[in-house]
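Here the structure is laid out as structure tokens; the discussion comes afterwards.
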Amino acid sequence: MSLALQNQKDSFGANRTITIQGLNKSYGEHSGAAGGHIHYIIKNVDLVIHGGEFFVLLGPSGCGKSTLLNMIAGFISKTDGRLRIGDAEIDKPGRDRAVVFQQADSSLFPWLTVWQNVEFGLKMKKVPKRERRAISDQYIDLVGLTGHDDKLPRALSGGMKQRVQLARVLANDPEILLMDEPFGALDAMTRRTMQKELVRIWSQTKKTVVFVTHDIQEAILLGGRIGIMSQGPSSKISHIYEIPLDYPRDVSAAEFYEYYKQIQAHFDE
Ligand SMILES: Nc1ncnc2c1ncn2[C@@H]1O[C@H](COP(=O)(O)OP(=O)(O)OP(=O)(O)O)[C@@H](O)[C@H]1O
């Protein structure tokens, strides 16, 4: 492991803990027969995500997973409650967090090559060119894109673009990676490859990962813990499953299927 990655690995700890207490999000106030009520998207969310853990938010479509992730990102303001990283209350985006979106296309600059996209944030931070190149090369290598440095995004497959997005985010060295169904637009085989790669990258960098999905199998493949969000409105974390299986995980293993059945039954209740 390179020195830069080792340093990142050594630097995580309690200051990266995400603590959420009584968090509410509502949009607007609507009149009702009883004289008015507030429409809550999420209500009374309590959750602690530890520094360095791989935490999955799993729930049905529209329950509020992206809303919660975007609140942690600082893109969406809370209505009330507490949301902290370490001791700091979150009320805006910060360099400690980065978001990986489902559509890599909308986050990459089409006129920049792979390595220019990856080094972009470093350039904005005025990191010297030689250092930028070294850091970019390191992350291009980490995501398995060595040899594709000079290609433009239009010459890449969907999976490769998602790797570029990941390398760019990692090059900025955020402490927390917020991933919103990042593999949702990929075909099944590429998706499986990317899931394996993400586990490998996470185990090397030990970033805190908060990963949103509505796919139970993906949640069990990736998550150290899985927080189940209830159907909205007024969604909350209804249960947390610990998944103590070793990585890489085998979807055909009996233990894997046991977790699948338990979680499926949770949604069928
Ligand atoms: N700006 C907004 N104003 C009003 N309602 C909103 C706004 N943004 C999101 N919502 C509502 O909040 C709810 C939760 O949306 P969100 O995108 O967080 O769900 P999700 O679980 O991520 O869904 P999916 O899995 O389909 O992406 C939805 O009912 C949505 O219509």
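Here are a few things to note about the model shown:
- Checking every residue in the stretch 73-80 against the condition of being at pLDDT 95 or above and part of a helix (DSSP H, G or I) gives at least one match.
- Subset of the stretch 220-247 [of a type in the set (D, E, K, R) and away from the ligand (no atom under 15 Å from the Cβ)]: ARG225, GLU242, ASP246
- In the condition set (1) among the hydrophobic types (A, V, I, L, M, F, W, C); (2) within 16 Å of the ligand (Cβ to nearest atom); (3) open to solvent by 60 Å² or more (accessible area, probe 1.4 Å), LEU68 is compliant with all but (3).
- Evaluation of GLU89 against the conditions (1) surrounded by 14 or more Cβ atoms within 10 Å (Cβ to Cβ); (2) free of Cβ contacts under 8 Å to residues at least 60 places away in the same chain; (3) more than 16 Å from the ligand (Cβ to nearest atom) shows that the sole unmet condition is (1).
- Selection of the stretch 223-262 for residues being open to solvent by less than 70 Å² (accessible area, probe 1.4 Å), out of contact with any Phe, Trp or Tyr (no Cβ under 7 Å at 6 or more places or on another chain) and among the small types (Gly, Ala, Ser) yields SER230, GLY232, SER235, SER238, ALA253.
- Residues being more than 8 Å from the ligand (Cβ to nearest atom) and out of contact with any helix residue (DSSP H, G or I) (no Cβ under 7 Å at 6 or more places or on another chain) - total across the stretch 55-65: 1
- Which numbered condition GLN217 fails, given (1) within 16 Å of the ligand (Cβ to nearest atom); (2) surrounded by fewer than 19 Cβ atoms within 10 Å (Cβ to Cβ); (3) assigned to a loop (DSSP other than H, G, I, E, B); (4) not basic (Lys, Arg): (3)
- Here ARG168, ARG154 are screened, and the one residue that is out of contact with any Pro (no Cβ under 7 Å at 6 or more places or on another chain), part of a helix (DSSP H, G or I), open to solvent by 30 Å² or more (accessible area, probe 1.4 Å) and more than 16 Å from the ligand (Cβ to nearest atom) is ARG168.
- Residue in the stretch 236-269 that is modelled with the highest pLDDT, counting only those that are part of a loop (DSSP other than H, G, I, E, B) and under 27 Å from LYS43 (Cβ atoms): ILE243
- Restricting the stretch 97-149 to residues that are among the basic types (Lys, Arg) and assigned to a helix (DSSP H, G or I), the residue that is least open to solvent (accessible area, probe 1.4 Å): ARG132
- Residue in the stretch 187-202 that is open to solvent by less than 10 Å² (accessible area, probe 1.4 Å) and among the aromatic types (Phe, Trp, Tyr) present: no
The values are calculated or read from the model by the stated rules, or taken from the named source; none is laboratory data. Predicted model only: the values in this text are computed from it and were never measured. Counting neighbours? That spans all protein chains shown, and the Cβs are built from the backbone with ideal geometry, glycine included. Side chains are part of the model used for accessible areas, which takes the heavy atoms of the whole protein and leaves out ligands, DNA and RNA. Shrake-Rupley method; radii C 1.70, N 1.55, O 1.52, S 1.80 Å.
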